[in-house]
1. Could you check, for the stretch 80-99, whether at least one of its residues is more than 26 Å from LEU69 (Cα to Cα), more than 32 Å from the chain's Cα centre (by Cα) and surrounded by fewer than 16 Cβ atoms within 10 Å (Cβ to Cβ)?
2. Only one residue in ILE236, ILE261, ILE245 is farther than 20 Å from ILE4 by Cα, of a type in the set (A, V, I, L, M, F, W, C) and in contact (Cβ under 8 Å) with a residue 12 or more places away in the chain. Which one?
3. Taking the stretch 426-454, which residues are part of a strand (DSSP E or B), touching an Asp or Glu at 6+ places or on another chain (Cβ under 8 Å) and either more than 16 Å from the ligand (Cβ to nearest atom) or under 20 Å from GLY523 (Cα atoms) (or both)?
4. List the residue pairs whose Cβ atoms are under 6 Å apart, where the first residue sits in the stretch 396-410 and is within 12 Å of the ligand (Cβ to nearest atom), the second is of a type in the set (A, V, I, L, M), and the two are 6 or more positions apart or on different chains.
5. Among the residues of the stretch 455-482 satisfying the criterion of being part of a strand (DSSP E or B) and over 27 Å from GLU57 (Cβ atoms), which is nearest to the ligand (Cβ to nearest atom)?
6. Between a residue in the stretch 157-169 that is under 18 Å from LEU88 (Cβ atoms) and any residue that is assigned to a loop (DSSP other than H, G, I, E, B) and small (Gly, Ala, Ser), which pairs come within a Cβ distance under 6 Å, given they are 6 or more apart or on different chains?
7. Enumerate the pairs (first residue in the stretch 460-484 and closer than 14 Å to ALA446 by Cβ and in contact (Cβ under 8 Å) with a residue 24 or more places away in the chain; second residue anywhere and β-branched (Val, Ile, Thr) and more than 16 Å from the ligand (Cβ to nearest atom)) with beta-carbon separation below 9 Å, excluding pairs fewer than 6 apart on the same chain, so at least 6 apart or on different chains.
Amino acid sequence: MKYIFVTGGVVSSLGKGLAAAALGTLLEHRGLKVLLQKFDPYLNVDPGTMSPFQHGEVYVLDDGAETDLDLGHYERFTNGKLSKLNNLTSGQVYESVIRKERAGDYLGSTVQVIPHVTDEIKGRIHEVTEKMDADVIITEIGGTTGDIEGLPFLEALRQFQDEVGHKNVAFVHVTLVPFIKAAEELKTKPTQQSVAKLREIGIAPKVIVCRSEYHVEDDLRRKLSMFCNLPKENVIQFLDMEHTIYEAPLKLQEENLDEIICNCLGLETKEPDMTNWRNMVDRIVNPTHKIKVAVVGKYIELQDAYKSIYEALTHAGAANDCEVDVERIDSEKIDSDGAEKYLSDVDGILIPGGFGDRGIEGKVAAAKYARENSIPYFGLCLGMQIATIEFARHVCGLERANSIEFDEDTPHPVICLLEEQKDVTEKGASMRLGTWEANLKAGSRAHDLYGADAVSERHRHRYEFNQDYREQMESAGFLISGTSPDGTLCEIIEIPAHPFYLAVQFHPEFQSKPTAPHPLFKGFVKASLIRRNEAGSKKSATSPSSAEPVTA
Ligand code: GLN
């Protein structure tokens, strides 16, 4: 087993997760079995209780673990299946240490950061490698070198390399090389200092990945090589991507990152054939068509809050030879100014997941606008609940219909609390989480798009469609096209008479990959493209066109 640890220097938000994931892609293309994991130094047990404003999206795994969004990158860039073991936080480490202390497991010793906390961290690496089959494990350490919170993790890794042998371990330091405009120069000093911090701890990086806005010239690489004590070839650049993050593996390959790593670790592999990956990037970068899709949410100013959704739209766009221009719209603005102002020129409307009542009425107005104007609508989790509320109110005439999440006294609770949630008071990891099966109704749009009778999708919710309203709504033109295998929970709804009106109680965005776009996202983008062409602009003889509801 070989171990790669990816640390960050100087500042956060450098794209360390992306670099780790892209390295995973390259090693997989060399025929290696790669596993990725993330260590997060914060004290939350998982990011599930953090606001998207604090932390961006919460990425949900098959087993229901609520994890850091970097795990989304890992799954999109590699084939490795991740589990709750692949995201370790300080909160989990301390929770476990304290539980053991209370159980008397430490046999009277004073419980300390070294060795108890560091043992716990090392134990997790061993546990992952024992339970999951891999040749290489890439571990990204959250935060920046020098952070107080990160110290126990780095100390644990210092010990770890001694225990498993330095030849089996490679530290990759992703760091900022800033450009000083007045001097017109790239500066290496911050990187020298962050590497010095690592070496103080007893960690010597084998590769330095310089995040920079400009080409890192040879003399700078030489300088870093000298000050940081590593060969010049092992100082590589990682510039901003020109078009898409999926270029990252190709850019890092140009700098020989995979070869350097394999040499450091004594790994003999075949040469990677990146043709398919390159073709996929080409499809993203050079599309023929273009559509505009509105994402109507409440965290729209934050690039990371709906990360997987934006990525899934990109994947589906490439599959339809089409660029998806996402217009992020604050639902509160729709509530105050009306839907027409923001939605009259979009080709599709997507309502993402969310919690709490802020901005809800704006989302209901957006769903109504989509339904009445035959604009393709795709609702995810909360987006399905919104579609239900809208249909109940404006088609079935159920005045003040609502979810009890937003109005406990609604006369028509069309969205109600899941039975299993009624006695839950804890907030952490207490929702209906992870992969659950859904059966699809033959002849429905969902069935057609998936091309399957049953699917497994990831969930994260507390509320559900209230079956008491099923008959009334179905007789008015609403179709429940997916349910839990026992038929009790509604998983997918659609309006068959509309060109594309489909919403799901789960999060399909978590399973979309650039190499395997999600069928529902593909269907939504295809329908939006048809709408665009029918609206007359950007007409293309080769693009699909139909007034019929969209299916596969
Ligand atoms: N707030 C809703 C629920 O708990 C929707 C959740 C979501 O969109 N992830 O059911």
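Read the figures in this text as sums done on the coordinates, not as results from a lab. On a predicted model such as this, the values are computed, not experimentally measured, just so you know. FYI the Cβ positions are ideal-geometry reconstructions off the backbone, even for glycines, and counts take in every protein chain you see.
1. Of the stretch 80-99, the ones more than 26 Å from LEU69 (Cα to Cα) are 98-99.
Going one step further and asking which of them are more than 32 Å from the chain's Cα centre (by Cα), we end up with none.
Checked against the condition, which is being more than 26 Å from LEU69 (Cα to Cα), more than 32 Å from the chain's Cα centre (by Cα) and surrounded by fewer than 16 Cβ atoms within 10 Å (Cβ to Cβ), the stretch 80-99 yields no hits at all.
2. Values: ILE236 fails: farther than 20 Å from ILE4 by Cα; ILE261 fails: farther than 20 Å from ILE4 by Cα.
Only one candidate passes the filter, namely ILE245.
3. Going residue by residue through the stretch 426-454, those that are part of a strand (DSSP E or B) are 432-440, 454.
Then drop every residue that is not touching an Asp or Glu at 6+ places or on another chain (Cβ under 8 Å), which leaves 432-436, 438-440, 454.
Residues satisfying the conditions are ALA438, ASN439, LEU440, ALA454.
4. SER403/ILE415; PHE406/ILE360
5. If we filter the stretch 455-482 for residues that are part of a strand (DSSP E or B), which is where we start, we get 455-461, 463-465, 479-482.
This time we only want the ones that are over 27 Å from GLU57 (Cβ atoms), so: 479-480.
Working: LEU479: 21, ILE480: 17 Å.
Across the stretch 455-482, the extreme among qualifying residues is ILE480.
6. Close Cβ pairs (under 6 Å, with a partner that is assigned to a loop (DSSP other than H, G, I, E, B) and small (Gly, Ala, Ser)) amount to ARG158/GLY202.
7. Pairs that qualify, where the first residue is closer than 14 Å to ALA446 by Cβ and in contact (Cβ under 8 Å) with a residue 24 or more places away in the chain and the partner is β-branched (Val, Ile, Thr) and more than 16 Å from the ligand (Cβ to nearest atom), are PHE478/VAL395; PHE478/ILE495; LEU479/ILE495; GLY482/VAL455.
A quick yes/no check of all residues on (1) touching an Asp or Glu at 6+ places or on another chain (Cβ under 7 Å); (2) outside any helix (DSSP H, G or I); (3) free of Cβ contacts under 8 Å to residues at least 12 places away in the same chain; (4) within 14 Å of VAL10 (Cβ to Cβ):
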{"site": "VAL172", "(1), (2), (3), (4)": "no, yes, no, no"}
{"site": "TYR214", "(1), (2), (3), (4)": "no, yes, no, no"}
{"site": "LEU224", "(1), (2), (3), (4)": "no, no, no, yes"}
{"site": "PHE227", "(1), (2), (3), (4)": "no, no, no, no"}
